[in-house]
Structures are given as C-alpha cells and as structure tokens.
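Engineer: Structure below; questions to follow.
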Amino acid sequence: MKKFAVFGNPIEQSLSPTIHQMFAEQCEEVISYEKILAPVDGFVEKASSFLAQPEAVGCNVTMPFKLDAFNMANIDDQAAQDAQAANTLMKCPDGSIKGFNTDGVGLVNDLLNNNVQLENKRVLLIGAGGAARGVISPLLEASVAQLIITNRTLEKAQQISAAVSNSNLDVVALDDIAAIKPHITINSTAASLHQELPCHMSEALLDECEVVYDMVYKNSPTVFMQEAHKYGVKKRLDGLGMLVEQAAAAFSIWTGKQPKTNAIVNKVRELINNQ
C-alpha cells in the first residue's frame, strides 16, 4: 500500500486525507494518508522518518513547515524556487527527496475550471507572503498581460519582483491600486480569517474587475467576496477549489494519475457547509 501524509502544526483541521482518499478511489489506487503533527522545530526529523518507510511515496506540507521542506529537498520546480517553499515532497527510487510547490498550479487550474480567462488580463495580487510567491510563476506562465503585486510593506513586494525579474511583473503601493483597473483581483493574505479586508475596496478599484478570488475558504462568502459583491463584481471565488487542485497536482506527481476534481470540490464544499 502506498503511504502518504500531511505535516503541519496545527494539523487537525486539514482536509487533505479526505481529498486524497477521494482521488485514490477515483483513480483505483489503494493508499493510506494520515495527518502528522510535527513539533515546530522537529519537522525534518519527522518527515525524514516517515519517508524512510519502504511504502512511503510522498507527503504534503502545510504551515509552518514549507520553508523547512524546501530546504530538505532537491528543487527543480520553478514555483517552489520562486516561493522558497515546498508543499509537496516525493521520495525518488534512489532515496533522495524532490520538492514541489503546487499552490500556483492549483490556483490557475481552479480559475480555468471556473471559466476565468487569464490570457492577456491584468491581475492584481494582494500580499507578498509565501502564498503569493508560490502563485507568481504559474500565473505568468498562463500568459497574463500584467501581474501586479501590492502589499502593506511595499519593500517585500519589491524584493519578490526583483527575484523573479519578469517584464510582466510589476509592483504598486497599496494606496495606488485603484489606478490599475485589474481584471482579476486575488487576495493571498489571511485577512478574511479575521473578518478584515486586505485593502480598501472601491468602485474605482473594481470598475473593470471581472473576478475576485480569495485564497481563504469558509462555509460562507468571505468579507472580501462580500465587499466585491457590493461593487458589482459578478464572479467571486474562494480558495476551496485551489485547495483541491493543488492536492490533485500533488497526487499526479506521486502516482502519474490526474484526478477529475469538479465532483470532489462539490463534495468537500458540502462537508465544510455541514460543519
């Protein structure tokens, strides 16, 4: 039996075992998938011990261990290089560990699944943490016309832009975002978890906005989505589809099989709504 796990601290809230078991049933794989709570300073030891098992194939990694995962793995994945973070580890036949970041692929695939056109669009990305860094390469590879990063601390956004060095990547101060007129506005911050907005929402900012996307997901629309609704943005998406899609990308890395995700997103949504 192929063994998988997700590491985090905290980890009890993780939906990864449920999602991956659904993938396995659909793809006719027999797996075990467990949640593992790692000590804040003990991830590498825990993950190494798990992956040393003969049946272990790989693991997912969530907060606060994505940098630790990046540092313990061989990294060829551009999204992981950009983010300096890995959320997926895979054991190779020679025992070495490869690291990937599937968050950005998950975001792009979820947008495409929801009939959002990315090509030639202006995209505003709010936030400059690990969640933002992990999605930059996949968004640029999706042929957006312009990707603009804004952040409360402008210097952090500027550091990301300098590291990536792409002519379609720009930075703007939080106070100046209304002038951008984005077609797609993505919140990568955790503000919605605290019932806060990541920026000032206005008619000027959202005048040409076709889609807002909040990486946070809850059992009701986030405050960011609610505010966009007030200003007439017709398509408002949360991060649940991204969660399922990043998991599907990891499952594909491990097994070579690509799960169909639409029905699984709906099932996971039902689980969340019934909590």
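Engineer: Jot down the radius of gyration and Dmax of the range 1-118, Cα atoms only, both in angstrom.
Structural biologist: 14.5, 43
Engineer: May I ask you to evaluate 6.51 cos²θ - 1.76 cosθ + 1.60, the Karplus curve with θ = phi - 60°, for each residue of the range 8-24 and list the ³J(HN,Hα) values in order in whole Hz, giving x for glycine and proline?
Structural biologist: Residue by residue, the range 8-24 yields x, 7, x, 9, 4, 7, 5, 9, 4, x, 4, 5, 6, 5, 5, 4, 4 Hz.
Engineer: Accessible area per residue, 1.4 Å probe, Å², for the chain: what's the number?
Structural biologist: Here the residues of the chain average 46 Å² of exposed surface.
Engineer: Over the Cα atoms of the range 1-57, what Rg and Dmax result, in angstrom?
Structural biologist: Using the Cα atoms of the range 1-57, the pair Rg, Dmax is 12.0, 37 Å.
Engineer: Restricting the calculation to Cα positions, tell me the Rg (one decimal) and the Dmax (whole number) of the range 154-210 in Å.
Structural biologist: Just the Cα atoms of the range 154-210 yield Rg and Dmax of 12.6, 35 Å.
Engineer: Equivalent-ellipsoid semi-axes (√(5λ), Cα gyration tensor) for the range 97-193, whole Å, largest first?
Structural biologist: Value: 19, 17, 14 Å, ordered largest first.
Engineer: Around SER137, under 15 Å between beta carbons, what's the net of Lys plus Arg minus Asp minus Glu among the other residues?
Structural biologist: That works out to -4.
Engineer: At most 13 other Cβ atoms within 10 Å and a DSSP loop assignment: could you name the GluC sites (Glu not before Pro) in the range 1-92 that fit?
Structural biologist: Answer in residue order: GLU12, GLU28, GLU55.
Engineer: Using percent of Cα pairs over 32 Å apart as the read-out, say which of (1) 30; (2) 23; (3) 40 was calculated from these coordinates.
Structural biologist: (2)
Engineer: Taking the Cα centroid of the range 95-160 and of the range 25-81, what is the distance between the two, rounded to the nearest whole Å?
Structural biologist: 22 Å
Engineer: Count the DSSP beta bridges whose two residues both fall in the chain, then state the antiparallel fraction as a percent rounded to the nearest 5.
Structural biologist: Around 15 percent of the beta bridges assigned by DSSP in the chain are antiparallel ones.
Engineer: Could you tell me what % of all Cα pairs in the range 186-275 have separations over 23 Å?
Structural biologist: In whole percent, the long-distance tail amounts to 32.
Engineer: Show me, bin by bin at 5 Å from 0, the whole-percent P(r) of the range 26-68 based on Cα pairs.
Structural biologist: Calculated over all Cα pairs of the range 26-68, the distribution is 5, 19, 31, 22, 12, 8, 4, 0 percent.
Engineer: Further question: What relative contact order, as a whole-number percentage, does the range 1-83 give when Cα pairs under 8 Å and 6 or more residues apart are counted?
Structural biologist: Once divided by the residue count of the range 1-83, the mean separation gives 40 percent.
Engineer: Here is a further query. Could you compute the net charge surrounding SER16? Neighbours are other residues with a C-beta less than 11 Å from the C-beta of SER16; K and R count +1, D and E count -1.
Structural biologist: Net charge in that neighbourhood comes out at 0.
Engineer: Quote the relative contact order of the chain in percent (integer), defining contacts as alpha-carbon pairs under 8 Å separated by 6+ residues.
Structural biologist: Taking the mean separation of contacting Cα pairs over the length of the chain, I get 16 percent.
Engineer: Now for a separate question. Less than 24 Å apart at the alpha-carbon level, and either on another chain or at least 8 residues along: which lysines does that give for LYS218?
Structural biologist: The reachable lysines, counting only those whose Cα sits under 24 Å from LYS218, are LYS35, LYS66, LYS230, LYS234, LYS235, LYS260, LYS267.
Engineer: Let me ask you something else. Given 0.36 nm per residue, what is the gain on full extension from ALA145 to GLU55 after removing their alpha carbon distance, in nm?
Structural biologist: 28.0 nm
The values are calculated or read from the model by the stated rules, or taken from the named source; none is laboratory data. Remember, predicted model here, so these are calculated numbers, not experimental data. When we count neighbours, we look across all protein chains shown, and the Cβ atoms used for this are built from the backbone with ideal geometry, even at glycine. Side chains included, ligands, DNA and RNA excluded: accessible areas come from the protein's heavy atoms. Shrake-Rupley method; radii C 1.70, N 1.55, O 1.52, S 1.80 Å.
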